[in-house]
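A.B. asks: This is the structure, below, for whatever I ask next.
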Amino acid sequence: MTIINATKDDFEANISKNGIVLVDFWASWCGPCRMFAPVFEKSAEEHSDITFIKVDTEEEYELAGMFQIQSIPTLMAFRDQILLYAQPGALPAAGLENLIEQIQQLDMDEIRQQIDKEHPAPANQ
């Protein structure tokens with residue numbers, strides 16, 4: 001699978017896909033970002049069923065601001081349009097694979113029920 005270089009204009013469309021979407025917020029001057037890049041790229045090659053997105057925080061500072069990115073690299077993981085993971089730091093290959101496995105094993109119906117309990121829809125008046 002190819003990695004999508006997202007902008008603020010197409011980011012929403014890219015994460016609104018069902019399934020797993022991994023987003024790497026990075027910058028070219030960031031050493032840990034450059035160390036994580038090959039891990040992210042290799043994982044993209046191995047997981048054709050997952051959408052991999054990179055966001056250059058220097059180019060897309062508004063998008064980084066919307067997500068309150070304060071440290072890079074920051075990895076976010078969505079599944080079925082629900083943000084499940086957002087942490088700064090470069091993961092090793094085994095850590096990224098473990099994260100993917102955990103996300104794949106989640107019962108998304110249970111996650112949606114939990115969200116509905118924590119954030120009930122407002123009652124019509």
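A.B. asks: Residues that are modelled with pLDDT of 95 or more, charged (D, E, K, R) and surrounded by 14 or more Cβ atoms within 10 Å (Cβ to Cβ): list the helices (runs of 4 or more DSSP H) wholly contained in the stretch 19-125 that include at least 1 such residues.
C.D. replies: 31-46, 93-105
A.B. asks: Being polar (S, T, N, Q) and farther than 21 Å from Asp109 by Cα is the filter here; which residues of the stretch 56-97 pass it?
C.D. replies: Thr57, Gln68, Gln70, Ser71, Thr74, Gln87
A.B. asks: List pairs: first in the stretch 1-22 and under 16 Å from Phe67 (Cα atoms), second loosely packed, with under 12 Cβ neighbours inside 10 Å, Cβ under 7 Å, 6+ apart or cross-chain?
C.D. replies: Hits for this filter: Lys8/Glu62.
A.B. asks: Sticking with this structure for a sec: List pairs: first residue in the stretch 96-109 and touching a residue at least 24 places away in the same chain (Cβ under 8 Å), second residue in a helix (DSSP H, G or I) and of a type outside the set (A, V, I, L, M, F, W, C) anywhere in the structure, Cβ distance under 8 angstrom, at least six positions apart or on different chains.
C.D. replies: So the pair list comes out as Leu96/Ser43; Glu97/Ser43; Ile100/Ser43.
A.B. asks: Sticking with this structure for a sec: Among the residues of the stretch 5-17, is there at least one that is part of a loop (DSSP other than H, G, I, E, B), of a type in the set (Lys, Arg) and either surrounded by 18 or more Cβ atoms within 10 Å (Cβ to Cβ) or touching a helix residue (DSSP H, G or I) at 6+ places or on another chain (Cβ under 6 Å) (or both)?
C.D. replies: Yes, because at least one residue in the stretch 5-17 is part of a loop (DSSP other than H, G, I, E, B), of a type in the set (Lys, Arg) and either surrounded by 18 or more Cβ atoms within 10 Å (Cβ to Cβ) or touching a helix residue (DSSP H, G or I) at 6+ places or on another chain (Cβ under 6 Å) (or both).
The values are calculated or read from the model by the stated rules, or taken from the named source; none is laboratory data. Quick caveat: nothing in here was measured; it's all calculated off a predicted structure. With ideal geometry, Cβ positions are generated from the backbone for all residues, glycine too; neighbour counts draw on all protein chains shown.
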